Amino acid sequence: MAGLIANTDLLQQILTGFVRDEVRKVGVKKVVLGLSGGIDSALVAFIAARALGAENVHAICMPYKSSNPESEAHARLVAQACGINFTVVPITPMVDAYFEMFPQADNMRRGNKMARERMTILFDHSALYSALVLGTSNKTELLLGYGTLFGDMASALNPIGDLYKSHVWQLSEAMGVPSEVIEKKPSADLWAGQTDEEELGFSYRQVDELLYRMVDLRLTRDELIAAGFAPEFIDNIYRKVQNSHFKRRLPVIAKVSNRTIDRDFRYSRDWGK
Amino acid sequence: MDFTAVLAQIKPKLGCVTDNLALIEEHIQQAISAKADLIVFPELALTGYFLKDLVPEVARRLDSPEIKRLVELSRDISIAVGIVEETDDYRFFNSALYLEDGAIRHLHRKVYLPTYGLFDEQRYLARGERFRAFDTRFGRMGMLICEDMWHLSSSYILAMDGATSLLCLSSSPGRGVEGDSLGSADAWQQLTSTTAMFLNCRVLYCNRVGYEDGVNFWGGSEYIAPSGESVVRARLFEEDAVEASIAEGALRRERIFSPMLRDENLFVTMQELRRIERERGR
């Protein structure tokens, strides 16, 4: 499918330009990002290093005690490959201290807490370095809602939020992300052996093909079925997109005045920049 | 008459009229030093593009100090520039000014305000209602603002009104990364080239660069000869200023080789358009 094959030179040019322009126009030079050892944050690290110079990029790896040790090794490898600053801040003490009060908490609560713990560390370092926090969520997971609201979905700028996972793979290869990171199975790394595709119940390639036609090309359900997608798969994905839409919006404000923020008080974020 | 035109591919700051005026002046001074005859700026060069509720704040009356300053500068070079215009009855237009010899020679108000996809212009701006060619030191011209050019009738009307140069001031967002080159750049290059070729007109296309809220503006400003050939093209995505040497002879020769415009039958066109209008009104 042509739409899922991207011109990686163009992407690189637009995305590095985006980081450079949007960071500098707010009057800062640096960025900070969480480096998990996975491909999405690796790609963002490469884009940021290319855009701002490696010395202006601070990567923080924030493992929990159950994280796969390979993840930290891969994060380190990525940081070395693009020459950026690298710090490890384990989140085990904070997360464990909290769940001592709630020992019965399930995996979802624990995973969300970890994602939000990492977010607070990134935004703290944003103040420490005078740096903007870069987001690392791709379009596939943003559309599916496969992320934690105010956790890994929180950032100041996201260079890859309009790239499907399929694009992330292509651009990572073009930009020289280490092959170990590109080739391994995507994982949220919340518990040992977890993989995204097993948890989601379909592969990224499958769902990218569908999302591209559903969202970007706006094919109807009938057209999608005619294109060979199973009706249950289409309906399942449509529901996921619909049910996670709240994660892609600002909190809803009850309107009482004539000018309510974001409804009839409308300004670009780059107002005055 | 032969003349040289500079396409000033600038990066305006969103909502910062003072800063943008300084940037525009800087480019004007450089073009004057380079002995250029005309300088073309992008759509909304004085204000930036995704203005939304900023429109009334950045709008300027034609007798405002900023516009007067630009008019003053046009004693030394002709200037085409995009602004938000405020009228006496408090309407706000996405306008393009053509300034020459210390006077406003022409004012074009954008007719086609896109309000689809990522665009929302008609929510904030009033719609212009005319396309008129106008006389300049360099022959008869017509001005278009970005989306105007995507309606064939706009360029057609200007050409029938005698324009030999079409100035298109643009703030075109870049999108489409599937092909060998940027989708919107491809589409625009086809459009400007085809328009020039069909109407035997020159096209001077000036597009801005920079990012606003993650949207990139792709630049690629260019001069297209009446043959449809792209003569000079500015860089993609980066600030630039390119100079085009425009030869009167090339226009004359093209209109001899391909006299489509001479043969255009205004009578048939009008007759059929009137019929269509009548039938639609039923």
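Each reported figure results from applying straightforward, stated rules to the coordinates on display, with no laboratory input. Owing to the predicted nature of the structure, the values given are computational and were not obtained by experimental measurement. Cβ sites come from the backbone with ideal geometry, for glycine too, and all protein chains shown count toward neighbours.
Count, for each residue of A:11-18, the Cβ atoms from other chains sitting within 10 Å of its Cβ, then give me the mean as a whole number.
4
For each of B:CYS201, A:CYS82, B:CYS206, count neighbouring Cβ atoms within 10 Å of the residue's Cβ, then give the residues from fewest to most.
Details: B:CYS201 25, A:CYS82 20, B:CYS206 32.
In increasing order of surrounding Cβ atoms, one gets A:CYS82, B:CYS201, B:CYS206.
Enumerate the calculated ³J(HN,Hα) couplings along the range B:68-75 in order (Karplus 6.51 cos²θ - 1.76 cosθ + 1.60, θ = phi - 60°), each rounded to whole Hz, writing x wherever the residue is Gly or Pro.
Each residue's phi maps through the Karplus curve to give 4, 4, 5, 4, 4, 5, 6, 5 Hz.
Provide the percentage of antiparallel DSSP beta bridges, counting only those with both residues in chain B; round to the nearest 5.
On the way: 36 of 55 bridges.
The answer is about 65 percent antiparallel.
Given charges of +1 on the Cβ of Lys and Arg and -1 on the Cβ of Asp and Glu, with all other atoms neutral, how large is the dipole of the range A:99-160 about its Cα centre, in debye to the nearest 20? Show your work: numbers first, answer last.
Values: 6 positive and 6 negative charges, 18 e Å.
Computed about the Cα centre, the dipole is about 80 debye.
Mind scanning A:LYS113/A:LYS255; A:LYS255/B:LYS11; B:LYS11/B:LYS52; A:LYS185/A:LYS240 and naming the pairs with a C-alpha gap bigger than 28 Å?
Values: A:LYS113/A:LYS255 31 Å; A:LYS255/B:LYS11 36 Å; B:LYS11/B:LYS52 18 Å; A:LYS185/A:LYS240 22 Å.
With Cα atoms farther than 28 Å apart: A:LYS113/A:LYS255; A:LYS255/B:LYS11.
Starting from the amide H of B:ALA126, placed 1.01 Å from N in the peptide plane, find each other amide H under 5 Å away whose residue is 5 or more places distant or on another chain.
Amide H neighbours of B:ALA126: B:PHE92, B:PHE93, B:ASN94.
Provide the FRET efficiency to the nearest 0.05 for the A:ILE182-B:MET270 pair, computing r from the beta carbons and using R0 = 51 Å. Show your work: numbers first, answer last.
Values: r = 62 Å, r/R0 = 1.22.
In this case the efficiency is close to 0.25.
For the residues B:ILE145, A:ILE121, what sequence is obtained by ranking on other C-beta atoms within 10 Å, fewest first? Working shown, then result.
Numbers: B:ILE145 28, A:ILE121 18.
The fewest-first ordering by Cβ neighbours comes to A:ILE121, B:ILE145.
Mind ordering B:75-81, A:203-209, B:44-50 by average Cβ neighbours within 10 Å, highest first? Intermediate values should be presented prior to the final figure.
Details: B:75-81: 21.3, A:203-209: 18.7, B:44-50: 26.3.
Taking the mean over residues of other Cβ atoms within 10 Å, the ranking is B:44-50, B:75-81, A:203-209.
In what sequence, highest mean first, do B:207-218, A:25-36 appear when ranked by Cβ atoms within 10 angstrom?
Numbers: B:207-218: 23.3, A:25-36: 20.7.
With the highest mean Cβ count within 10 Å placed first, the list reads B:207-218, A:25-36.
Under 18 Å from the Cα of B:LYS68, which lysines turn up, not counting those fewer than eight places away in the same chain?
Of all the lysines, none pass the test against B:LYS68 - Cα under 18 Å, at least 8 places apart if same chain.
Can you give me the relative contact order of the range A:2-197 as a percent, contacts being Cα pairs under 8 Å and 6 or more apart? Could the numbers behind the result be given before it?
Working: 328 pairs, mean separation 52.5, N = 196.
Computed value for the range A:2-197: 27 percent relative contact order.
Among the aspartates and glutamates, which fall within straight-line cross-link reach of A:LYS65, defined as a Cα-Cα distance under 16 Å, with same-chain neighbours fewer than 8 residues apart omitted?
Straight-line reach from A:LYS65, under 16 Å: A:ASP96, A:GLU100, A:GLU117, A:ASP189.
Antiparallel as a % of all DSSP beta bridges within the protein assembly as shown, to the nearest 5? Display every interim value, and only then the final one.
On the way: 36 of 68 bridges.
Of all bridge pairs located within the protein assembly as shown, approximately 55 percent are antiparallel.
How many angstrom lie between the C-alpha centres of the range A:85-129 and the range A:177-229?
So the separation of the two Cα centres works out to 27 Å.
Calculated FRET efficiency, B:GLN122 and A:ASN258, Cβ-Cβ r, R0 30 Å, to nearest 0.05?
Once rounded, the FRET efficiency stands at 0.90.
Which FRET efficiency, nearest 0.05, do B:SER258 and A:ALA226 yield, Cβ-Cβ r, R0 56 Å? Walk me through the intermediate numbers first.
Numbers: r = 45 Å, r/R0 = 0.80.
Efficiency, rounded to the nearest 0.05: 0.80.
Quick check on the exposure proxy: order A:ARG76, A:ARG259, B:ARG253, B:ARG202 from fewest to most C-beta atoms within 10 angstrom. Write out the running numbers ahead of the final one.
Numbers: A:ARG76 16, A:ARG259 10, B:ARG253 13, B:ARG202 27.
The most exposed by this proxy come first: A:ARG259, B:ARG253, A:ARG76, B:ARG202.
Applying a 10 Å radius around every beta-carbon, put A:42-49, A:217-224, B:190-197, B:166-173 in order of their mean neighbour count, most first. Walk me through the numbers before you get to the answer.
Numbers: A:42-49: 27.8, A:217-224: 13.1, B:190-197: 19.4, B:166-173: 25.9.
The densest-packed peptide leads the list: A:42-49, B:166-173, B:190-197, A:217-224.
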